[in-house]
Amino acid sequence: MDIDGIRAATYFEGRVRQCIHHFKYKGTRVLAPYLGEVMAQAWQRAPFPASTIVPVPLHPQRMRQRGYNQSALLARELGQRINMPIIDDCLLRVKHTRPQVGLGAAERRMNVQGAFRCTDQRLEGKSIMLIDDVCTTGATLEACAHALYEQGSHVVWALVLAREHHDH
């Protein structure tokens with residue numbers, strides 16, 4: 001089953017791209033409240049059915065390298081603003097994958113296949129809002145949704161801070 005839908009607060013370009021780069025790779029965590037507010041405003045403009053926020057997890061090795069999960073920081077800021085609970089210790093990244101940057105769509109899907117596992121029943125029957133910083137092809141979000149559906153989640157939507165701008 002595919003993810004029910006993916007929405008983005010903005011496009012991954014210009015100042016937003018710079019902010020996300022600093023937030024994700026340069027340790028500029030002070031951007032989290034601002035970026036979380038951008039996501040909250042996007043959700044409030046066009047809400048979708050969700051009862052629980054779940055951030056896209058990092059593999060423990062990447063978490064040690066970075067020191068924090070940028071998606072979890074965004075989820076916390078968003079949850080506070082829209083008054084929605086967060087469960088951030090149930091969906092786990094169980095396979096260490098190479099970074100998705102520079103991979104094509106098919107390579108991205110293969111790279112994250114089987115990378116996520118939902119470890120308990122707390123999300124069973126819930127409507128989930130997955131949170132991530134950037135969506136390029138949706139492969140990571142779909143792999144997360146697959147693990148959530150396997151554990152009994154009914155609906156899985158994703159809200160990302162930014163998405164790649166693809167010209168058609």
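Only the coordinates and a few stated rules stand behind these numbers; no lab work does. Everything numeric here is computed off the predicted structure, so don't read it as measured data. Here the Cβ positions follow ideal geometry from the backbone for every residue, glycine too, while neighbour counts run over all protein chains shown.
Structure summary
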| item | result |
| --- | --- |
| Sites matching trypsin sites (Lys or Arg not before Pro) across the range 1-74 that sit in DSSP coil, with at most 11 neighbouring C-beta atoms within 10 Å | 26 |
| Convex hull volume of the range 95-164 per residue (C-alpha atoms, cubic angstrom) | 82 Å³ |
| Extension gain from residue 37 to residue 107, taking 0.36 nm per residue of separation minus the Cα-Cα distance | 22.0 nm |
| Span from the the range 74-88 Cα centroid across to the the range 1-50 one, whole angstrom | 13 Å |
| Listed candidates (1) 14.6, 41; (2) 15.7, 50; (3) 18.3, 59 - label of the one calculated as Rg and Dmax of the Cα atoms in Å | (1) |
| The chain: relative contact order as a whole-number percent, Cα under 8 Å and 6+ apart | 34 percent |
| For the range 111-118, 3J(HN,Hα) per residue [Karplus equation, 6.51 cos²θ - 1.76 cosθ + 1.60, θ = phi - 60°, Hz, x = Gly/Pro] | 4, 9, 4, x, 7, 10, 9, 8 |
| Anchor residue 26: aspartates and glutamates whose Cα lies under 16 Å away (excluding residues fewer than 8 positions away in-chain) | 133 |
| Amide proton proximity set for residue 6, modelled H, under 5 Å, gap of 5+ | 158 |
